[in-house]
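Below is one structure, written out as structure tokens, with a few remarks after it.
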Amino acid sequence: MPRALLSVSDKSGLTGFARGLQRLGFELYATGNTLKAIADAAIDAHPVSDLTGFPEMMDGRIKTLHPGVHAGLLARRDQPDHMEALERHGLKTIDLVCCNLYPFVEAVTRPSVAFDEAVEQIDIGGPTMIRAAAKNHEAVITVVRPERYTEVLAALQAGSADLAMRRRLAAEAFAHTAAYDSWIAAYMLANSDTGFPAELSITGQLAQALKYGENEHQQAAFYRFGPDPGGIGGAKQLQGKELGFNNIQDAAAAFALVTDFPRPAAAIIKHMNPCGLAVADDIAAAYRMAYECDRVSAFGGVVAVNRPLDRSTAELIVQIATHVVIAPAILDEANEVLARRKAMVVLAAHEGRPGLFDYDVRTVAGGFLVQAWDRIGFDRASCVVMTRRQPTEEEWEQLGLAWTAVKHVKSNAIVLFQHGAAVGVGAGQMSRVEAVQLAVNRAGERASGSVMASDAFFPFPDGLEVGIRAGITAAIQPGGSMKDADVIAAADAAGIAMVATGRRHFKH
């Protein structure tokens, strides 16, 4: 008679799976609450202590860590000495393990969870049992996800799970335990002061498979850092076509941008750069101003706002083709308006609690780079006025907005701001002068009277001088160039104000 050992935290579909195994002739063994759930469904099962000869102890810490379990899992059926050892010690083979682990991530991402409470959610016996079964997958079927129950029962009903299926389930099992250990390591790292460790593993939960990546010939998928990590990872899709790789990147960039502003803000993103951005007293006004920044590029863009989306803003958005709209919430009054464009993706997102893997990660051939997120905002008190003329209060306000915005633009980055709106953006240029030229060309007449932000210092006066000729009245930049004196002289000669932040905001 084949034997199955069941020990699950996620009891979805458990009783149906157990009943199906019983009908196929399996003798069932189970631990703790799993046994209770099976018994409550009037399904016969033995406690795991019938295999080990020991009761569960130490508040359930010790249940399956015993040769009565692991010998039955690891014994190779094609090795006579293994089978003789089982018989000699009165142990039984186990042919199927159904196990998923303590909800560690769900526990530690709850607000104000105590460290001791988190540690108690570290499963020891479960991963050990899963790994043992997966190692001996030719003899033991390993099931770690409820969504596999139906196909496993179907395969057994047809005769047996073939080797290809067993290996696929084993791979999933090892991925399950590896991810679990990665979450634990990340939590321990976050609660220590060791900095970046010698080994760093990053794991995610599959949110959805994607049709393709940046291009049709590239396969892709989207993983989130935990069950509800906030941002795009925790967003809920309310309508529209299936999200694509580029949609997700642009939506993430857009939401990160608007949530950097305390006032109502709206942004329009194309290729992860803002082509429109504004702050105002309400998001409808902010969107109108953002759209005016670059009406041509706004077509087919991604729109983000940092307030619940209302009807008046929705009415403006649907007037042009927009691929994605993302907001902290979508009011009912806005839903019926957005529904006019059925293909448009609508996402409700929230900033959320940072996930356990709260890093900016970039892959390169042969490895990956990890850094802290750039969360430094505008701090007027730390700025140094470099020029003879001080900025006016209105200029200070616009400089702060422009400096916050330029952080979200690909380097080399230049942003012109006036009256709470970006009027020109120069993004991703190899030359800072060309980035300024692009921004002022896009702004046109609106460059006159604007302020200019540069994500890094001006290496020479020429870039600043392009802005001066276009009519900027103030500039903000990190400072620190060997040619700072020449750049300051150019600003003083033009009578504009210029401040240094002491920090740059490269975004490659």
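The values are calculated or read from the model by the stated rules, or taken from the named source; none is laboratory data. Source: prediction; values computed, not measured. Ideal geometry is used to build each Cβ from the backbone, glycine not excepted, and the neighbour counts take in all protein chains shown.
Just a few scattered comments:
- Checked against the criterion of being of a type outside the set (Phe, Trp, Tyr), over 16 Å from Pro127 (Cα atoms), touching a helix residue (DSSP H, G or I) at 6+ places or on another chain (Cβ under 9 Å) and modelled with pLDDT under 70, the candidates Asp59, Asp50 yield just one match: Asp59.
- Hey, Ser49 more than 18 Å from Ile130 (Cβ to Cβ), out of contact with any Cys (no Cβ under 7 Å at 6 or more places or on another chain) and polar (S, T, N, Q) or not: yes
- In summary, Glu199 fulfils each of the numbered conditions (1) at pLDDT below 95; (2) among the charged types (D, E, K, R); (3) touching a strand residue (DSSP E or B) at 6+ places or on another chain (Cβ under 8 Å) with the single exception of condition (3).
- Cβ-Cβ distances below 7 Å connect the following pairs, each with a first residue in the range 148-166 that is in the same structural domain as Cys98 (by TED's automatic domain parsing) and surrounded by 13 or more Cβ atoms within 10 Å (Cβ to Cβ), a second residue that is part of a loop (DSSP other than H, G, I, E, B) and not charged (D, E, K, R), and a separation of six or more residues or different chains: Tyr149/Gly13; Val152/Ala161; Ala155/Ala161; Leu156/Leu24; Arg166/His137.
- Residue within the range 102-121 that is over 20 Å from Leu356 (Cα atoms), among the hydroxyl-bearing types (Ser, Thr, Tyr) and either in contact with a Phe, Trp or Tyr (Cβ under 9 Å, 6 or more places away or on another chain) or in a loop (DSSP other than H, G, I, E, B) (or both) present: no
- The condition of being touching a Leu at 6+ places or on another chain (Cβ under 9 Å) and either over 27 Å from Phe104 (Cβ atoms) or assigned to a loop (DSSP other than H, G, I, E, B) (or both) holds for only one of Ala155, Ala161, that being Ala161.
- Test result for Asn191, closer than 24 Å to Met344 by Cα and out of contact with any Lys or Arg (no Cβ under 7 Å at 6 or more places or on another chain): no
- Residue identified as out of contact with any Phe, Trp or Tyr (no Cβ under 9 Å at 6 or more places or on another chain) and either hydrophobic (A, V, I, L, M, F, W, C) or under 27 Å from Arg110 (Cα atoms) (or both) among Leu369, Leu401, Leu347, Leu356: Leu369
- Neighbours by Cβ (under 9 Å, 6+ apart or cross-chain): first from the range 182-208, among the aromatic types (Phe, Trp, Tyr); second at pLDDT 85 or above and surrounded by fewer than 15 Cβ atoms within 10 Å (Cβ to Cβ): Phe196/Val370
- Every condition in (1) among the hydrophobic types (A, V, I, L, M, F, W, C); (2) touching a residue at least 60 places away in the same chain (Cβ under 8 Å); (3) closer than 26 Å to Asn100 by Cα holds for Ala173 except the one numbered (2).
- Selected residue (criterion: nearest to the chain's Cα centre (by Cα)) from residues of the range 90-138 that are more than 22 Å from Ala170 (Cβ to Cβ) and among the polar types (S, T, N, Q): Thr109
- Qualifying residue in the range 337-360 (condition: at pLDDT 95 or above, of a type in the set (Gly, Ala, Ser), outside any strand (DSSP E or B) and buried (at least 22 other Cβ atoms within 10 Å of the Cβ)): no
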